[in-house]
Amino acid sequence: MKNKTPFPNHLSLVIAFFLGTGVCLSVAQQTPTISSYGGDLSDAEAMYINKRQLLYYKDEFGDRGERVTVDPSLVFENPRLKNAYMALQAWKQAIFSDPLNLTANWVGSQVCNYEGVFCSRAPDNKTIRTVAGIDLNHGDIAGYLPEELGFLVDLALFHINSNRFCGTIPHKFKKLRLLFELDLSNNRFAGKFPQVVLKLPSLKFLDLRFNEFEGTVPKELFDKDLDAIFINHNRFVFDLPVNFGNSPVSVIVLANNKFHGCVPSSLGNMSNLNEIILMNNGFRSCLPAEIGLLKNLTVFDVSFNQLIGPLPDTVGGMVSLEQLNVAHTMLSGKIPASICQLPNLESFTFSYNFFTGEPPVCLSPPDFSDRRNCLPGRPEQRSAAQCKAFLSMPVDCSSFRCAPFVPSLPAPPPPSPPVPVLSPPPLVVIPKSPPAPPPPVYSPPPPSHPPPPVYSPPPSPPVYSPPPPPPPPPCTEPPPPSPPPPLHYSPPPPRPVHYRSPPPPSLLPPVNYHSPPPPSLPPPIPCENPPPPPPPPIIYGSPPPPTPVYEGPLPPVTGVSYASPPPPPFY
């Protein structure tokens, strides 16, 4: 924390008003002494006050007062780089501390040479360059995000983890239609969940962890086509909605918030899921049997919650599971032997529960912990009195009134090709052959009533109706011309397939990161009599845990290599 010069007492109320803006109190390197009383403020005092008003929007568009003028002598490659210049200069004005001087060279029209700024060919015009990525990770920069960042319409990745940015997320981020990765982790952002995230159509990677966001999380987040959601270590208070299982993510980390209610059974529909970490929240329910449907899951962590009831037998069907942690909950019953026989299981932690049975095979995983349970013959178990008091209370999972499991509907089949019957209409050449036969061929069939010569021309209608070659029986009136048959119904072409988000490999800057992941903060231990000793260390040192097979904090998506590293240790 930077040292601040104390203020005179007679202005304490005035300064308290401006300090009420909240989270940006430590961003200024030097705080001027405000000595004016009853007179005009000096320029330094006015600037200082302006810097304290970071969370207030000036108008309905969210403009917070940055004023950027472009030197007429500057020459830009194209208008998009000029807009990028305006956005980055506004951002530079909103930065109060840059100890590593990462933005020192943000001068002049050569925007693509700015530190941390990466350019690429515009996706819609390969002849021009545009700003495709920004990476200021680990810069220790203090400031906020101006609305002018919305000018960067071709931005595909925005990485600013491990800085001291504060305030809120600009509304005009909604203009970043190509944004693929958004990493705001390990900063000092505050306020409600940034709704603008839901308006980013190309977003796949969302990282908001280690901030001060609060309130609820919109349920629409779980209907969004994301691959990774990291919102751990915030202040969210929320019941997971029924549509939680709609999310197509491969990894989701909600740890160290204040989520509560049921562990939703709909998570059984998350067939793409590789890792889910719900530790240290307030979930209170039984574990749904539907978790056994997660055949691709490698990490499942629900430790430090208020879960009760048995460990479902269906967990034995999670054939890809490598790490299972249900420690520090209130589960009971017997451990199913099928769980300990999972072929890839490396770590199984179920300490600090009330389990009463443990098959011998459960002693074989390389890393397991069964202490502080009610297991006969095992060391470091709970006292008999504790076990009797807890196990005497029946468990009724239906009492939590959790939403029942509704299997997700199968994906609709791809649009079928045009029906073969409808495809022949283009053969308009066929009608030209029927007129070839001479009219006498059609006139002899009805010998009893020879038609007058006027009726001989109707052979022309077969041009439009080739299917019925013989003419109708003779009538007293000439047949009217037949209406246009299905030849005029040419089938509509199949609807084109629109992909929801363009892949960004061409826009991602070739940057390799080697930053350490953030360690999991030791969560508070639930009250217990007697109090338990400190929890055993989590095997994966940070949420999300790296999978043994892949490099980096995320399970990769085929063809996608996430460029964003995890934040460093939280401070």
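The values are calculated or read from the model by the stated rules, or taken from the named source; none is laboratory data. Values in this document were obtained by computation on a predicted structure and should not be read as measured data. Reconstructed Cβ throughout: ideal geometry from the backbone, glycine too, with neighbour counts over all protein chains shown. Ligands, DNA and RNA are excluded from the accessible area calculation, which covers all protein heavy atoms including side chains. Shrake-Rupley method; radii C 1.70, N 1.55, O 1.52, S 1.80 Å.
Taking the range 277-295, which residues are farther than 10 Å from L307 by Cβ, out of contact with any Ser or Thr (no Cβ under 8 Å at 6 or more places or on another chain) and part of a loop (DSSP other than H, G, I, E, B)? Before the answer, list the steps.
Let us first name the residues in the range 277-295 that are farther than 10 Å from L307 by Cβ, namely 277, 279-282, 288-295.
From what is left, the residues that are out of contact with any Ser or Thr (no Cβ under 8 Å at 6 or more places or on another chain) are 277, 281-282.
Listed by number, the list holds a single entry, N281.
Considering only the range 145-159, state which residues are of a type in the set (D, E) and outside any loop (DSSP other than H, G, I, E, B).
Of all residues in the range 145-159, those of a type in the set (D, E) come to 147-148, 154.
Within the range 145-159, E147, E148 qualify.
Matching residues to (1) of a type outside the set (G, A, S); (2) outside any helix (DSSP H, G or I):
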position	(1), (2)
T103	yes, yes
I134	yes, yes
G143	no, yes
N161	yes, yes
L178	yes, yes
S185	no, yes
L198	yes, no
S202	no, yes
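In the range 104-133, what residues are open to solvent by 10 Å² or more (accessible area, probe 1.4 Å) and of a type in the set (S, T, N, Q)?
N105, S109, Q110, N113, S120, N125, T127
In the range 342-387, which residues are within 18 Å of L321 (Cβ to Cβ) and open to solvent by 70 Å² or more (accessible area, probe 1.4 Å)?
Listed by number, the residues that qualify are P343, N344, E346, L363, S364, P366.
For every residue, the table says whether it meets (1) free of Cβ contacts under 8 Å to residues at least 12 places away in the same chain; (2) on the phi > 0 side of the Ramachandran plot.
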site	(1), (2)
K92	no, no
T103	no, no
G108	no, yes
S120	no, no
D124	yes, no
T127	yes, no
T130	no, no
G133	no, no
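State the number of residues belonging to the range 135-154 that are crowded, with 17+ Cβ neighbours inside 10 Å and on the phi > 0 side of the Ramachandran plot.
From the range 135-154, those crowded, with 17+ Cβ neighbours inside 10 Å are 135-139, 141-154; that's our starting set.
With on the phi > 0 side of the Ramachandran plot added as a condition, the list becomes 138, 143.
Residues meeting the conditions: 2.
Hey, any hits in the range 199-210 for a residue that's in contact with a helix residue (DSSP H, G or I) (Cβ under 6 Å, 6 or more places away or on another chain), at pLDDT 95 or above and farther than 27 Å from T298 by Cβ?
Yes, the conditions are met somewhere in the range 199-210.
Would you pick out the residues in the range 165-177 that are surrounded by 23 or more Cβ atoms within 10 Å (Cβ to Cβ) and touching a Ser or Thr at 6+ places or on another chain (Cβ under 9 Å)?
Scanning the range 165-177 gives C166, G167, L176.
Within the range 305-328, how many residues are of a type in the set (G, A, S), farther than 20 Å from L254 by Cβ and in contact with a strand residue (DSSP E or B) (Cβ under 9 Å, 6 or more places away or on another chain)? First the steps, then the outcome.
Our first condition is that a residue be of a type in the set (G, A, S); within the range 305-328, this holds for 309, 316-317, 320, 327.
Filter again for farther than 20 Å from L254 by Cβ, leaving 309, 316-317, 320.
In the following step, the residues that additionally are in contact with a strand residue (DSSP E or B) (Cβ under 9 Å, 6 or more places away or on another chain) were identified as 309.
Qualifying residue count for the region: 1.
I'm trying to understand the selection: among the residues of the range 63-80, which are touching a strand residue (DSSP E or B) at 6+ places or on another chain (Cβ under 9 Å) and modelled with pLDDT under 90?
Of everything in the range 63-80, just one residue is touching a strand residue (DSSP E or B) at 6+ places or on another chain (Cβ under 9 Å) and modelled with pLDDT under 90, namely R64.
Taking V263 as the residue in question, decide whether it is under 12 Å from V302 (Cβ atoms) and either assigned to a loop (DSSP other than H, G, I, E, B) or in contact (Cβ under 8 Å) with a residue 60 or more places away in the chain (or both).
Working: under 12 Å from V302 (Cβ atoms): yes; either assigned to a loop (DSSP other than H, G, I, E, B) or in contact (Cβ under 8 Å) with a residue 60 or more places away in the chain (or both): yes.
Yes, satisfied.
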